[in-house]
Amino acid sequence: MTDLERIDKKIEEQKARVKLAEARVEHKDHYGKAEWDELSRLKTERELILTEVKWDHHGAGLVLIEDKFIYALKSGKWKVKGKPAWYRSKSIEHFVSNYVRKTND
């Protein structure tokens, strides 16, 4: 099974969990968003797979891209590994094209 097939399967499973969560909390005003957040992370991870850059998981919701950048899948924030400053990105595709690929050229 390829990475893309694996992530597509996870996304479909998570969509089912989100649907169940929606039914469980439809009568509530305030509720946790864990199921929705995980679906968002999985979709961003799928987009990252499509960019074909080298990456690996780097903690809860974080990925290490090209052994140099740390990217938060949910918020879209990124930083250079070892540096304290975090920056916002428009999308994973924008981040990869403007920062990752430009530093590799």
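All conditions in (1) modelled with pLDDT under 95; (2) outside any helix (DSSP H, G or I) hold for Lys102, with the sole exception of (2).
In the stretch 35-56, which residue that is free of Cβ contacts under 8 Å to residues at least 24 places away in the same chain and under 14 Å from the mean Cα position of the chain (by Cα) is surrounded by the fewest Cβ atoms within 10 Å (Cβ to Cβ)?
Initially, the stretch 35-56 is screened for residues free of Cβ contacts under 8 Å to residues at least 24 places away in the same chain, giving 35-36, 52, 54-56.
So of that shortlist, the ones also under 14 Å from the mean Cα position of the chain (by Cα) come out as 35-36, 55-56.
Details: Glu35: 20, Trp36: 15, Trp55: 19, Asp56: 9.
Here the residue is Asp56.
How many residues, within the stretch 62-90, are part of a loop (DSSP other than H, G, I, E, B), under 16 Å from Asp37 (Cα atoms) and touching a residue at least 24 places away in the same chain (Cβ under 8 Å)?
Initially, the stretch 62-90 is screened for residues part of a loop (DSSP other than H, G, I, E, B), giving 66-68, 73-76, 81-86, 89-90.
Applying the additional criterion that residues be under 16 Å from Asp37 (Cα atoms) yields 73-76.
Among the residues that remain, those that are also touching a residue at least 24 places away in the same chain (Cβ under 8 Å) are: 73-74, 76.
Total satisfying the criteria: 3.
In the stretch 81-99, the condition of being of a type in the set (Lys, Arg) and under 21 Å from Glu12 (Cα atoms) is met by no residue.
The set of residues from the stretch 1-33 being in a helix (DSSP H, G or I) and among the polar types (S, T, N, Q) comprises just one member, Gln14.
The values are calculated or read from the model by the stated rules, or taken from the named source; none is laboratory data. Here the structure is a predicted model, which means the values were calculated and not measured. Reconstructed Cβ throughout: ideal geometry from the backbone, glycine too, with neighbour counts over all protein chains shown.
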